[in-house]
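The values are calculated or read from the model by the stated rules, or taken from the named source; none is laboratory data. For clarity, every value in this text was computed on a predicted model and none was experimentally measured. Backbone-built Cβ (ideal geometry, glycine too); neighbour counts: all protein chains shown.
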Amino acid sequence: MADEQPVEQPADIADIIARATPRERTVRICIRGDLAGRAEELQDQITQVSEDWEPEDLTDVHPARALAQEMKELREQVKASEVPFTLRYIGEKKYSDLVAAHPSDDKNEAWGETFPAALIAASCVSPRMTEDQAHQLFEKVNQGEVKKLFDAAWDVHNASDIVPFSLAVSALLAGLGGEK
């Protein structure tokens, strides 16, 4: 049994604590809602013209081509308007205190409606923000963007999957002759 690897002895808890770091996650939030509206309009136009268009001869250029180019440029604008937000685990005591400070009026809910903004503000390390600033941001970006922020804040406090499985990464590695 020469191939057996030595069993690693458990590390000292002080060493583990010294090496531990709080979980972080960065999400990109689109701060230009007007661009999303324009993208929806363009998508509707592309769908409509694609359903209605019939070429008169082989040299006709599909009218959706110009719309598709405009959509490509719009996607680049959307990407440029995304701002990264980095959220970090605040620790067990602060998290517990935060939940307790935002109780729900409904006994079936774990926290009140003020909790999401409080958690995001407490967790966001870049850019830093207050609860009031979080509420101001929520008045400008849609609920989908707010949900991205809250999901990231929730995940750094509650998710246990450190490195999520990625089918795309697995397929890429298999295709390149790496791990399967």
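Things to note:
- Within the range 26-47, residues that are under 9 Å from Val78 (Cβ atoms) sit with their Cβ atoms under 8 Å from residues that are outside any strand (DSSP E or B) and of a type in the set (Asp, Glu), at 6+ positions apart or across chains, in these pairs: Cys30/Glu145.
- Flag for Lys93 being modelled with pLDDT of 95 or more, loosely packed, with under 11 Cβ neighbours inside 10 Å and either in contact with a helix residue (DSSP H, G or I) (Cβ under 8 Å, 6 or more places away or on another chain) or more than 20 Å from Arg28 (Cβ to Cβ) (or both): yes
- Search result, residues across the range 142-168 that are at pLDDT 75 or above and acidic (Asp, Glu): Glu145, Asp151, Asp155
- In the range 48-76, the residues that are within 20 Å of Asp34 (Cβ to Cβ) and surrounded by 10 or more Cβ atoms within 10 Å (Cβ to Cβ) reach residues that are small (Gly, Ala, Ser) and modelled with pLDDT of 85 or more with C-beta atoms within less than 7 angstrom, at least six apart or across chains, in these pairs: Met71/Ala39; Leu74/Ala39.
- Going through (1) surrounded by 13 or more Cβ atoms within 10 Å (Cβ to Cβ); (2) among the polar types (S, T, N, Q); (3) part of a helix (DSSP H, G or I); (4) more than 20 Å from the chain's Cα centre (by Cα) one by one, Gln133 falls short only on (4).
- Candidates Ala118, Ala171, Ala122, filtered to the one that is farther than 26 Å from Asp34 by Cβ and either exposed (fewer than 13 other Cβ atoms within 10 Å of the Cβ) or at pLDDT below 95 (or both): Ala171
- Verdict on Ile90 being out of contact with any Cys (no Cβ under 8 Å at 6 or more places or on another chain), part of a loop (DSSP other than H, G, I, E, B) and under 16 Å from Asp155 (Cβ atoms): yes
- On the stretch given as the range 24-81, residues that are part of a loop (DSSP other than H, G, I, E, B) and either aromatic (Phe, Trp, Tyr) or modelled with pLDDT of 90 or more (or both) total 4.
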